[in-house]
Every structure is written in C-alpha cells, then in structure tokens.
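Some notes on the structure that comes next.
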Amino acid sequence: NNCTTSTRMRFPSASIAFLLASCDAFAPQHARNSRKTARSSTTELYANRKARRAGQKNQNKKKPANQQALGEATNTATTSSPPRQEETSSSSSLPVSTPEPGVLEAVEIEKPSVSRFIEDENGLKRIADGKSVMDVTTGQAVKLSPYGPEYRLAEMFPGVPPNVRSSLRFDRSTVEPMQLLEGLKKAVVGPDGKIPGKKVTDAGLDYMIANRDLLGEGMKKMIGRLKLKNQSEMKLDEARFYRDLWFHYMVLEQKISAPFRQIVLDAEMKIGPNFGNLDVKSYCGGEMYERAGAFIVFKAMVALWEKKVVDARDIEETPRTRQNFIELLCIGDPKRYLPNSTTIWKMDECAKICLMAQKLSDAFVSEPELFDDLPVELRFIEAATKITDGTELRRFMIEDFCPKEEITPEGLREGMRRVVCQCQQMQIDSYGDFTILIEKLSDAIAKGSPDERDPYFDWNYNPDADAPGYFQTYTFDHDINSMVRFLDNAKTVEEGSMGPTEEIVNQFQVGMNFFQDNEKAEREEKYRLKKQNVIDDGPYEPPEKRAIGRPHMMGWLEALDDDYGENKGYSDPQKFEADDWEEIPSN
C-alpha cells in the first residue's frame, strides 16, 4: 500500500540485485574512489505512460520546471565550485553534462487520496497509487500524530516504554525462534483462540515493537514454513491457524511501518519536482522527522541509479553471444526490450541521472541544519558507507562513532536492525537497493559479536529433512503444451544446470533480433519446428534429475482450497491478478 509521488518522473523500474562481494565491502566498486559521498541508497520516481503522454503534449507549451532547475543547478555547480580533476576522473568516468531534454520530465498528475482502481491507457482496470499510504486496519489514509513533530518522529522509529520493553524483550544472543513465536501467539491470540485478522491490539503492537528487530522477515518466513509443514502433514487445523497468524503478522508489520512510509512518501513529493535543484534547504527543511524522510529518499535514489549504472555498463561492455544470452537478459530492466520502450537503461543517460542524485545527496549531507541532528542510525549510515573494509568499519564504530555519540555498539546494532525492518516494508523497486545495502551494513557491524547469530537459520535455510522447518515438496503434472514438457522432450536435463538453455534461446530470440545472424536463426527455428513432434504419451513423469527423488502429485498444496471463495474471507489462490482485469469499451 505504499505510494509514489504525485509528481512523477520518467524513470524505469528498479532492479533489486545489489553487487556486493562480501560484508567487508559496502559501496559499489565504481564509487569507492569517488568524491566524498555515501552512495548508499536511491529512490525511483517514475511516471506511467498516460502521464508521460500528457507531459509530451504540454512540452511545447512550457518548459518543465525541474528541467530548467536542473540546468541552472548544474551550471551553478560548475561555475561556482568546479570539480577537481581527480574527482571527475575517479567517479567511474561519469559525465558531468546535464541530461538531454526529455530524459527528466516532471509531470503533474491528479492523484486520489489513497490507492484505488482506475482505467489505464490500455482500457484495463489497474490500481492507482495515491497521495497517502493506506492504513490496512481502516482502509483510510494514514494520519500522523497531531501532537507535534516529536510524536511523529516517535511514530517513524517506534519504541515502547522501558517497563514494557523489559517484560517483553528477548535476548538476541540466546533466544530461540519458538520462544519468539510463543510470545507472538500470547500477544495476539484472543481468549477464544481466534486471531483478530485486520484488527490490532495494544498487546500485539507492544510485543512487535519491543522485539521488532528480532522478528522481521525471519519470523514471517518461519510462520509461512510452519503453515506449509502442517499442511503437508495434513494437519489442516494447525495449517489454518498459521495461515491466519501469518496474515495478522503482516498486518502488524504494515500498521507499525505505515507512518514511516507516509513520511518518506511526503519527502518524495517534495524532492520529485525539485530533482536537479541543489538548493536542498529550500525544499528539504523542516522538522527532524521530515528531514529524516528526505535523507532516506536521497540515499535510496543514489543506490538505485548507481546500480543502474553498473547494469548499463555490463550490458554495453559485454559482447552478445548465444552463450551469455540468458545472463544478459537478467541484467537491468527487461522493459528495455519492449517496442518503443521509454525505459532509461543506456549508460550515458543512467550516468547523468546518477551523478545528479549524488550531487543532491552531497548537498543535503553538507548542510548542518539539515543533517547534523538526524537520528544516530542515519548518520552512521552516512559515515559507514564511505568505509570499504569491514575490520576498519567495526573499529570506527567501536572506537570513534559510538563514544562520540554516547551510544553503545549493542544499541547501535539494534537500531540499525530496526531501520532495516522499516525499510523492508517499502517498495522493492525503489528502495530495494538501499535496503539491501543497510542490511549488509547491519550484518557487517555485528560480525564477531553475539548479535551475529541468526536465530532463524535452521528454520528458514536448512534444507535437511531433519531441519525444524522442513516440509515435503513434490512434483506437479504439466500440460502437454507447457514449457516444462517442451524442455523435457527437447533435451535431457544435465545435473547442476537449468536445462536445455539452447532451446530457451531459440524461443526467446524469435522477433527480438538479438543476434546478428538473423537468417541463420530463422533456418534453425524452421528446423526446430519441423522436427518437434509433441505426443501425449500418457501420465506425466518428470525426469529423475529434476524430481531428485521427490514424490509426484501428493496434492496437499490444494488441501485448503475449500476455505477460499466468496464470503469465506480469503482470495482464491488459483486466480491470478490478471483474472480480475476488465476491458472497458472506449467512448
């Protein structure tokens, strides 16, 4: 239910992969020797096609405000403080020139107060992002505290009173997952044994907030595995219980993170129309919670576009062959293959936007009035992402940063984990790179300490049959014309491989002109179609190397299907989102 800005920019969707060799390296390789900036995060503001069309119609009427500001800001920065030679040469050879007209284009579009269904340009009903984050418990827009900025900051980074914390908090170094789970059950299950669904209680919120950094994604995965484990053993009542607990847990997460997401969204709405304006004090000032939201937006913006620069460089510098086709297809935004795609993915365009995002982030951090009193975790992110060695990072935290800020290393590590939990509730496309970065950073500063222990490892990541979270999987029947059956008939699956990729390449290359020898490709395609002779030879038997000893068609995954349907409270798991699309006749 997170939303993007009412002023949108023509930026593509983000990739969630982040290139980090190990926990000892936290900055992208191309940024390590660059200017004194923390390239740690980036948010993406982009417009849908209808908004872009509206903007193109108005382009001849008036010049977009942010395009003019971008040019003026770049010229001002160039004339008033020209970069040193070593700075410009060390920043991955990023060009300093201003993006071409049309690369950045702000478009004012009317947004609903919260998300709702609209008709898109293809005549399909789609969800429109609203101006406000939705409160999942009420279905209405999130309302921040009316009692002032200190209360809003507390909503953004929530805590509980010391007496509540001492009674509910577990020790990360010794706690077991089942202890956390039993505490959650005690907090949310009513006297009648039922879970309140979309309703939240003070007891549930207190428990979640007190142990926020100990629960997070690990508990969410654990509950999901317990649901599947009981379902696979046909313990359906237990499976239903964990299904309901799983749903309620996500409601609690959304409820707790809603103010954080709303504050960051508000910051997006200020920064979006001003992208390129280096006078950040003019639009990013205000109370501490507002400036904290702006910091996260700027750092997320940098991380996103740095990742896009890395992807663009890999795409442009890697020769295209049949052997690396799949690898290249997985790099960057796949929408670049669409006809007449407006996706920004070329190296020069990504580099220009990335450089401006870095300048904006630097400008914000360099203003003491904006940055110096932010929460200690955010200031640590800024300082830590300039350090590329893990040992040096931990030394800096223990000997320099924590004594100066009068905080213990244990307190800082907990605070960082709580920030990670909040960011994990943001949109993956825009904030995924930043979230991965600070999660790696959090893991790195915990290395060698009791906090390094992951309580959920055996539950969520141990594939052994005697692992507590293990459940029996099985193979499925596949239609005679499915891709799975086609690959089974085309070539034997080799151990350790993804199957006959040569046949996948033959399928993907049709109509894409990916390779230079189109005539040869056409001949091979005709030959493949000629020799292909799919025959329905009875019940489907998966190849042994793909089945790896698993049973076939056990059927337990559908055991709860009777619980779904109209007036039963759950959506049909067999239906895809596209099943609810409706074509609307044009007037």
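The values are calculated or read from the model by the stated rules, or taken from the named source; none is laboratory data. All figures in this text were calculated on a predicted structure; none of them were measured in a lab. Glycine gets a Cβ as well: all are built from the backbone with ideal geometry, and neighbour counts include every protein chain shown. Keep in mind that these areas ignore ligands, DNA and RNA; they rest on the heavy atoms of the full protein, side chains included. Shrake-Rupley method; radii C 1.70, N 1.55, O 1.52, S 1.80 Å.
Below are the figures for this structure:
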item: Share of carbon and sulfur in the accessible heavy-atom surface of region 240-302 [1.4 Å probe, %]; result: 56
item: Three principal axis lengths of region 307-389 [C-alpha, angstrom, descending]; result: 53, 32, 18
item: Relative packing of 363-376, 203-216, 317-330, which averages over residues the other C-beta atoms within 10 Å, highest first; result: 203-216, 363-376, 317-330
item: Entries in LYS220/LYS359; LYS131/LYS386; LYS229/LYS307; LYS299/LYS447 that, when Cα-Cα distance is taken, lie over 26 Å; result: LYS220/LYS359; LYS131/LYS386; LYS229/LYS307
item: Per residue solvent-accessible surface (Å²) - region 142-262, probe of 1.4 Å; result: 48
item: For region 385-438: span of alpha carbons on each principal axis (Å, largest first); result: 36, 22, 13
item: Per residue Cα convex hull volume in Å³ - calculated over region 170-211; result: 68
item: Viscosity 0.890 mPa s, 25 °C: Kirkwood-radius Stokes-Einstein D of region 137-274 over Cα pairs, µm²/s; result: 148
item: Sequence ranges 308-315, 397-404, 288-295, ranked by mean other-Cβ count within 10 angstrom, highest first; result: 288-295, 308-315, 397-404
item: Packing-based order for 160-173, 542-555, using average beta carbon neighbours within 10 Å, highest first; result: 160-173, 542-555
item: Hull-based mean projected area of region 326-445, where the convex hull spans the alpha carbons, in square nanometres; result: 9.8
item: Radius of gyration, Dmax [region 261-365; alpha carbons; angstrom]; result: 16.7, 55
item: Cα-based Rg / Dmax (Å) for region 314-360; result: 12.8, 41
